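Below: the structure, in structure tokens.
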Amino acid sequence: IEEIYDNVRRLNIIDRVKDTPEEDNLEVAIHEAGHAVVAKAFPEYFIINRLNISGASGEFHAKEVEKGFWPYEKVIANIKISMAGILAQKIICGRGSVGCDIDLQNARISAYNMINMCGYSSCWETLQENKQGVKTDTLIKVRRMEKKTEVLLKKCEKETIKYIKEHKIQISSLGRLLFEKKHLKSSEILSCIG
């Protein structure tokens with residue numbers, strides 16, 4: 001099982017062979033553009049910094065407006081931004097990528113922590129931090145909290161899909177610009193997406 005997991009882990013965007021066809025590189029650019037366009041919707045929490053693609057890998061960078069301050073709305077924004085890359089790729093390119101596992105794990109961990117540790121579910125239901133070898137909650141309670149996490153993720157996914165469909169032209173044009181230039185600064189990103 002560990003060997004299978006290692007093989008799957010190797011198939012991410014960063015580790016793909018550099019000599020991939022142009023379509024794959026354009027897909028990576030669309031992926032990163034999806035993150036940027038959705039992040040632009042939350043200027044009160046994040047400032048778009050830069051986008052890069054190199055071969056078959058890409059990076060999206062944003063700065064927090066107020067470091068360390070994470071209200072409910074900012075966590076929701078972070079979940080949507082994390083999902084945006086793979087969703088933009090699916091909507092615009094017609095297929096996703098195996099290399100988005102870090103983005104999706106970030107979205108899931110943010111949702112899980114918000115529901116289970118930060119009291120957004122309800123104070124009496126919030127799970128205690130798990131300590132190795134110590135069972136603190138019943139399986140029924142854990143499953144109930146996991147279902148709440150799933151509901152939150154599905155809601156964020158639905159809203160992000162709607163936003164991406166409404167901004168498909170911006171994502172496509174930013175993706176093409178990133179594909180051509182390989183590196184975009186904040187000013188270039190904002191001038192492209194308006």
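The values are calculated or read from the model by the stated rules, or taken from the named source; none is laboratory data. None of these values were measured; they are calculated from a predicted model. Here the Cβ positions follow ideal geometry from the backbone for every residue, glycine too, while neighbour counts run over all protein chains shown. When the accessible area is computed, the model is the full protein with side chains, heavy atoms only, and any ligands, DNA or RNA have been set aside. Shrake-Rupley method; radii C 1.70, N 1.55, O 1.52, S 1.80 Å.
Residues of region 151-174 that are touching a Gly at 6+ places or on another chain (Cβ under 8 Å) and within 14 Å of GLN89 (Cβ to Cβ): ILE164, ILE171.
Do you know which of the residues in region 53-85 that are modelled with pLDDT of 90 or more and within 14 Å of GLY175 (Cβ to Cβ) is surrounded by the fewest Cβ atoms within 10 Å (Cβ to Cβ)? Here the answer is PHE60.
Within region 53-74, the only residue that satisfies the criterion of being touching a residue at least 40 places away in the same chain (Cβ under 8 Å) and either within 17 Å of LYS155 (Cα to Cα) or within 12 Å of the chain's Cα centre (by Cα) (or both) is TYR72. The set of residues in region 102-119 being within 9 Å of the chain's Cα centre (by Cα) and open to solvent by 30 Å² or more (accessible area, probe 1.4 Å) consists of ILE102, ASP103, LEU104, GLN105, ASN106. Just so you know, in region 137-171 the residues that are modelled with pLDDT of 95 or more and of a type in the set (S, T, N, Q) include one that is nearest to the chain's Cα centre (by Cα), and it is THR160.
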